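Below: the structure, in structure tokens.
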Amino acid sequence: MNVQIGVLALQGAFAAHSECLASLGVQSIEVRTPEQLIGVDALLMPGGESSTMSQLLESSGLFDPIAERISSGMPVFGTCAGMILLASEVLDGRSDQRNFSAIDISVRRNAFGRQLDSFETTVSTSVGEFHGVFIRAPRIERVGADVKVLGSINDEPVLVQQGNVLAASFHPELSGDARLHDYFVSMTSNKKKV
Ligand code: GLN
């Protein structure tokens, strides 16, 4: 199955995601314009700074077309800042920061491991154990009834899915482990078949 995955490349850690996908033999293209979005079957939103990404999503004209694609079922995978962009509620965000409200979770920015800024730990998920890299990570403070928790640490959710939307508070792309990307590609391939 030939799927074309887009990697949102306005800001942040997008290159490592493309490498992860390439290690699976999956092509990806960097998305910076609405034209580039048209050709993709799915979109990956990387870590970085969600408030900056929000501004760049507006100035590039990508915010509204991405919102439309998500609501018509395009698979999306957001990591860290990407998860913040997908959440329905952002706590401690900048007042002008926008989010897609694509997954029914409340996230608090920079709240996971507040005392440490960054940390690494094992994450148990439904697709196996991961070496989780957390960098000024958002904490999921509320999970809606339709959201599946796929991964957690110390009973706190860090990997969640609602339909076509997958979100992680950690950075799977930084540990050289492509299993979550593989899972995302399978979400996209299943979607293409229907
Ligand atoms: N703290 C960042 C934000 O609020 C997210 C950090 C990350 O993506 N590594 O956007």
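Quick test of your reading of the structure: Ser23 fulfils all but one of (1) away from the ligand (no atom under 16 Å from the Cβ); (2) in contact with a Lys or Arg (Cβ under 9 Å, 6 or more places away or on another chain). Name the failing condition by number.
Failed condition: (2).
Mind checking which strands (runs of 3 or more DSSP E) fall wholly inside the range 1-50 and carry at least 1 residues that are modelled with pLDDT of 95 or more and hydroxyl-bearing (Ser, Thr, Tyr)?
Details: elements: 5-8, 28-31, 42-45.
By residue number, 28-31.
Answer yes if at least one residue in the range 106-121 is within 13 Å of the ligand (Cβ to nearest atom) and closer than 16 Å to Gly6 by Cβ, and no otherwise.
No, the conditions are met nowhere in the range 106-121.
Between residues in the range 98-111 that are on the phi > 0 side of the Ramachandran plot and at pLDDT 95 or above and residues that are small (Gly, Ala, Ser) and away from the ligand (no atom under 13 Å from the Cβ), which pairs lie under 8 Å by C-beta distance while being six or more apart or on different chains?
Listed by first residue and then by second, the contacts come to Ser101/Ser88.
For the range 141-155, what are the residues that are in contact (Cβ under 8 Å) with a residue 40 or more places away in the chain and closer than 21 Å to Arg114 by Cα?
Glu141, Arg142
With respect to Glu68, determine if the residue is within 22 Å of Ile103 (Cβ to Cβ), out of contact with any strand residue (DSSP E or B) (no Cβ under 8 Å at 6 or more places or on another chain) and not small (Gly, Ala, Ser). Break it down into steps so the answer makes sense when it comes.
Working: within 22 Å of Ile103 (Cβ to Cβ): yes; out of contact with any strand residue (DSSP E or B) (no Cβ under 8 Å at 6 or more places or on another chain): yes; not small (Gly, Ala, Ser): yes.
Against the criterion (within 22 Å of Ile103 (Cβ to Cβ), out of contact with any strand residue (DSSP E or B) (no Cβ under 8 Å at 6 or more places or on another chain) and not small (Gly, Ala, Ser)), Glu68 qualifies.
For the range 87-110, enumerate the residues that are outside any loop (DSSP other than H, G, I, E, B) and of a type in the set (Gly, Ala, Ser).
Scanning the range 87-110 gives Ala87, Ser88, Ser106.
With Ile84, Ile66, Ile70 as the choices, which residue is outside any loop (DSSP other than H, G, I, E, B) and either in contact (Cβ under 8 Å) with a residue 60 or more places away in the chain or on the phi > 0 side of the Ramachandran plot (or both)?
Working: Ile84 fails: either in contact (Cβ under 8 Å) with a residue 60 or more places away in the chain or on the phi > 0 side of the Ramachandran plot (or both); Ile66 fails: either in contact (Cβ under 8 Å) with a residue 60 or more places away in the chain or on the phi > 0 side of the Ramachandran plot (or both).
After ruling out the rest, the residue left standing is Ile70.
The values are calculated or read from the model by the stated rules, or taken from the named source; none is laboratory data. Model, not experiment: these values are computed from the prediction. As a convention, Cβ positions derive from the backbone with ideal geometry for all residues, glycine included, and neighbour counts pool all protein chains shown.
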